[in-house]
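Structure first, then comments.
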Amino acid sequence: MGYLGYLRFAMERLASAILTLLGVSILVFTAIHLIPGSYEAVMLGPQAPEAARERLREKYGLDDPLPQQYMRWLLAFLGGDMGIALCRSQQSIGQQACENADQAPIIAEFARRAPATIQLAFMAAAIANLVGIPLGILAGLSAGSRTVRGSSRAISALGMGIPSFVLGTLFVYVFSVHDLGLTVGGYVPLSEDPEANLRAMVLPAITLSIFGTALFARTTRDAVLTVLAEPFIMAAVARGESPRQIVRRHVLRNAAIPVVTVSAVNMGYLLGGAAIAELLFSVPGFGWYVLAAIHKRDYAVVQAGVLVAAVAFVAVNLLADLAYAIIDPRTIRRGRG
Amino acid sequence: MRSLLQIEQITVEYATESGPLRALDGASLNVAAGETVGIVGESGSGKSTLALTIGRILPAYASHVAGDVIFDGYSVFAHSTSEMRSFRRDELGFIFQNPVSALDPTMRVKYQLAHILDVKSSDPSIMSQLDRVGLKDVERVANRFPHELSGGMAQRVVIALAIARGPRLLIADEPTSSLDSTIRDQILELLFALPAQTGATLLLFTHDLRSVAKYCDRVAVMYGGNVIEHGPANKIFSRPVHPYTEALLKAAPGAEEIGGKIEAIPGRPPILRGRSEQCPFAPRCRWVVDICRHQRPVAQTVDGRLVSCHRAEEMASVAPACQIIGANHAS
């Protein structure tokens, strides 16, 4: 099978990703409509006259059947029109004031916040990959040693067990009290002042990376151990290959699949916006914005936010799927069943 | 003939949760250069352990307790790690049971050969190696991944990897048991053509007595971690001396008369926890006498072969000519 087989495999994966996203969009749309309180009640308040409500319903077609409303929403979404936010989000969640005069298109709000979230996601993912994977390889290759086995298990359990708000709070405390060169809060866009930006982004990135680091370390370790038990490793030993050659030629590539999988899931999760870290370190990102919208019952933003996060998640996983087929050519055949 | 491989009283144990398990209990075997030896026995007789011991590729939970493996005058246990690696690389060729899983699934065939030959993947020597093992359309095979090959093609590739550096000893552990019966003979023909071409020595570890009878010069029968009878194939197949060999030949499919049934050996092979102080076959032997239960038999030469049986002389004089598989052995 050559490039055609690969192309076909890629098309199949793309189709399945689109189906997944359609499913998510239906789910989100339905969920929002299940929430008590109609749109006009939220917009106009409980005391609004019936005529005003009627006008609003008419304007937005709220009396149309739900499937029709769904189609309208989806088509608008695809055209980049995600609707209007009820209020321009303030920098803090507690603030309830919401002036209609400040209404802004949701897509513009998302676009403003995306750079911070994307930068944070890439930094956290980079730290997690660069630390977690080598640790896992090391732990897998020296699994015979009791000390390594014990300590790697303890470290990964700790890393996966510690909630990001605990670690984040700890960082906030330590770095606020002592001047250690990194700032807590004080986000500046990368384009304005790269140095100040990095200073502010390192702590939230580390906070977010801990879980991924532990996850990658454990996944990589298990994958390496699984590969080491494969007959072709024994065959390589029997052919006189050195441990270094065996690791470089056979172990790394064969152990990559599960690592790429968790790496993609982690990246998708990070791109969806890591609300807690953004909140703790005052990074004006996507996750924080959607979280604030939930507090303010700004359902249009929530609806669009969930779908955007889902698109990011599915897209990253699609990329991972396409990568598998390059790493392990058997994937294409398996995918076809 | 000059001896290439001497296995002397080799003893190997596996660490298990219920204590050490002795897989080889003082097995000895002498193999001359250029011979083809079939090593037969039931599962658990120590065949695979013996194969792995020669290359010192036993798993980590196995330990070499005693004895020696001497290849061309040097003990393999005396080699340093790096000496051992070049020994494996240049002198040994292993062929495993399942060819597809013995190949790295993520690497095209040509790269696997290129690594072994230490050449670029475009080197013409790769094609000639594939050609040598009877593969057709070598260009295409070279560019394939292992899962795109049939079992027979994959085993040819594994053989090509094994012989690429011209080893003096080929060790094939059940090389055909995962293949279709139609492919089996082709692979065996290929394997046994190699010693004739290159002068290599071939050890075939198998439970398939027919292929041993058909292709091997000599047979070594293993039981309870020991080689209990070893000699020329035609002699042993036509007239087994050890009661176990006789029972094994009778239990082989194809040995029964038409309409008759296969004579299974009663009882089970022993599980050794330490050195056996009796004949390991004593509990299942129908010729058993007192001494078999108290003393380990010592290998002795009887009727042109080595036999470890207290009653070997007797057995040789009364054993009926066995008209089993070996009857039409032509050598």
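No value in this document is a laboratory result; all are computed from the given coordinates. In this text the structure is predicted, and so the values were computed from the model without any measurement. All Cβ positions, even for glycine, are placed from backbone atoms using ideal geometry, and neighbour counts span all protein chains on display.
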**Study point:** Computed log₁₀ I(q)/I(0) - Debye formula, equal Cα scatterers, no solvent, the stretch A:262-315, q 0.16, 0.27, 0.31 Å⁻¹
**Key:** -0.45, -1.02, -1.13
Exercise for review: Could you work out the relative contact order of chain B, using alpha carbon pairs under 8 angstrom and six or more residues apart, expressed as a whole percent?
Suggested key: 21
Exercise for review: Using only Cα atoms, locate the centre of the stretch A:18-92 and the centre of the stretch A:161-194, then give the distance between them in Å, rounded to an integer.
Suggested key: 37
Revision key, fill the gap. The stretch A:9-80, convex hull of Cα, quarter of hull surface, nm² -> 5.8
Exercise for review: Would you mind classifying the stretch A:155-253 by shape? Square roots of the alpha carbon gyration tensor eigenvalues, ordered a ≥ b ≥ c; an a/c under 1.5 is rounded, otherwise it is prolate if a/b is larger than b/c and oblate if not.
Suggested key: prolate
Check your understanding: For chain A, modelled as a Gaussian network with Cα springs under 10 Å, which listed residue fluctuates most, A:186, A:305, A:272?
Key -> A:186
Point to revise | Two-site FRET efficiency, residue A:177 against residue A:138, from Cβ-Cβ distance with R₀ of 56 Å, rounded to 0.05 | key: 0.95
Point to revise | Three-way shape label, chain A, alpha-carbon gyration tensor, a/c 1.5 | key: oblate
Study note, to complete from the structure: Listed with the fewest Cβ neighbours within 10 Å leading, B:287, A:288 appear as B:287, A:288
Point to revise | Global form of the stretch B:117-211, assessed from the alpha-carbon gyration tensor, a/c cut-off 1.5 | key: oblate
Practice item. Compute the signed sum of charges (Lys and Arg +1, Asp and Glu -1) over the other residues within less than 14 Å, Cβ to Cβ, of residue B:50. Key: -4
Point to revise | P(r) weight above 19 Å for the stretch B:9-86, C-alpha pairs, percent | key: 38
Review point. Per residue, how much space in cubic angstrom lies within the convex hull of the C-alpha atoms of chain B?
Key: 147
Check your understanding: With charges set only on the Cβ (+1 for Lys and Arg, -1 for Asp and Glu), what does the dipole of the protein assembly as shown come to about its Cα centre, in debye to the nearest 20?
Key -> 740
Practice item. Let me know the Rg and Dmax you get for the stretch A:188-337 when you use only its Cα atoms, in Å. Key: 20.4, 66
Check your understanding: Pick from A:83, A:150, A:45: which is most flexible by mean-square fluctuation in a GNM of chain A where alpha carbon atoms under 10 Å apart are linked?
Key -> A:45
**Study point:** A:191, A:176 arranged by Cβ crowding within 10 Å, fewest neighbours leading
**Key:** A:191, A:176
Revision key, fill the gap. To the nearest 20 debye, the stretch A:105-262 has a Cα-centred charge dipole, built from +1 on Lys and Arg Cβ and -1 on Asp and Glu Cβ, of 760
**Study point:** Among A:108, A:229, A:238, residue whose mean-square fluctuation peaks in a GNM of chain A (springs only between Cα atoms under 10 Å)
**Key:** A:238
Revision key, fill the gap. Of the residues A:206, A:160, A:276, the Cα lying farthest along the dipole of the protein assembly as shown towards its positive end, which is defined by charges on the beta carbon of Lys, Arg, Asp and Glu, belongs to A:160
Check your understanding: Based on Cβ point charges of +1 for Lys and Arg and -1 for Asp and Glu, what charge dipole magnitude is obtained for chain A about its Cα centre, in debye rounded to the nearest 20?
Key -> 1640
Point to revise | Long-range HN-HN contacts of residue B:222 with modeled amide H, under 5 Å | key: B:40, B:41, B:228
**Study point:** Qualifying aspartates and glutamates (Cα of each under 14 Å from Cα of residue B:250; at least 8 residues distant if same chain)
**Key:** B:42, B:208, B:263
Exercise for review: Output the Kirkwood hydrodynamic radius of the protein assembly as shown, Cα pairs only, in Å rounded to one decimal.
Suggested key: 30.5
**Study point:** Environment charge at residue B:138 (Cβ cut-off 14 Å; Lys +1, Arg +1, Asp -1, Glu -1)
**Key:** +3
Review point. Can you give the Rg and Dmax of the stretch B:21-168 based on its C-alpha atoms, in angstrom?
Key: 17.0, 48
Check your understanding: Put +1 on the Cβ of every Lys and Arg and -1 on every Asp and Glu Cβ in the protein assembly as shown; which of A:236, B:70, A:115 then has its Cα farthest towards the positive end of the dipole?
Key -> B:70
